[in-house]
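S.K.: Take a look at the following structure, please.
The values are calculated or read from the model by the stated rules, or taken from the named source; none is laboratory data. The structure presented is a predicted model; accordingly, all values stated were derived computationally and were not measured. For neighbour counting, all protein chains shown are included, and Cβ atoms are generated from backbone atoms with ideal geometry for every residue, glycine included. Each accessible area value is taken on the protein alone, full model and side chains, heavy atoms only, with ligands, DNA and RNA left out. Shrake-Rupley method; radii C 1.70, N 1.55, O 1.52, S 1.80 Å.
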Amino acid sequence: MGEIEVRKFADCAPYEGPDAIPGIRFRPVGPALGVSGWGMNLLELDAGCTGYPEHDYAADGQEEPYVVLEGSAELRTAAARR
């Protein structure tokens, strides 16, 4: 069995490129954890942030689970708009 590593999400630098969105810290934690078979990202949104872009992955068959670790959020889906 391999060694166990413990890492804090805060140690994973947030994306700061040209597509960064004010009020959102997008942390690509998969690469920081050495994950290569699937992706994992952590998003930290400031209170009242409304800048998270609408998107979906239906065309390429991906799924995108969300877990709220602190605070609350409103998730709007196509099913909710029907």
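S.K.: Only one residue in 16, 3 is open to solvent by 70 Å² or more (accessible area, probe 1.4 Å) and over 16 Å from the mean Cα position of the chain (by Cα), so which one is that?
M.R.: Numbers: 16 fails: over 16 Å from the mean Cα position of the chain (by Cα).
From the options 16, 3, the qualifying one is 3.
S.K.: Scan segment 19-31 for residues that are part of a strand (DSSP E or B) and open to solvent by less than 60 Å² (accessible area, probe 1.4 Å) and jot them down.
M.R.: Within segment 19-31, 24, 27 qualify.
S.K.: Could I ask something else about it? Among the residues of segment 32-46, is any among the aromatic types (Phe, Trp, Tyr) and either open to solvent by less than 100 Å² (accessible area, probe 1.4 Å) or in contact (Cβ under 8 Å) with a residue 12 or more places away in the chain (or both)?
M.R.: So the first thing to find is which residues in segment 32-46 are among the aromatic types (Phe, Trp, Tyr), and the list is 38.
When the remaining residues are screened for being either open to solvent by less than 100 Å² (accessible area, probe 1.4 Å) or in contact (Cβ under 8 Å) with a residue 12 or more places away in the chain (or both), the result is none.
Checked against the condition, which is being among the aromatic types (Phe, Trp, Tyr) and either open to solvent by less than 100 Å² (accessible area, probe 1.4 Å) or in contact (Cβ under 8 Å) with a residue 12 or more places away in the chain (or both), segment 32-46 yields no hits at all.
S.K.: Something else about it: Go through segment 1-31 and report how many residues are in contact with an Asp or Glu (Cβ under 9 Å, 6 or more places away or on another chain) and in contact (Cβ under 8 Å) with a residue 24 or more places away in the chain.
M.R.: Selection size over segment 1-31: 5.
S.K.: Exactly one condition in (1) part of a loop (DSSP other than H, G, I, E, B); (2) at pLDDT 90 or above; (3) in contact with a strand residue (DSSP E or B) (Cβ under 7 Å, 6 or more places away or on another chain) is false for residue 44; which is it?
M.R.: Of everything listed in (1) part of a loop (DSSP other than H, G, I, E, B); (2) at pLDDT 90 or above; (3) in contact with a strand residue (DSSP E or B) (Cβ under 7 Å, 6 or more places away or on another chain), residue 44 misses just condition (1).
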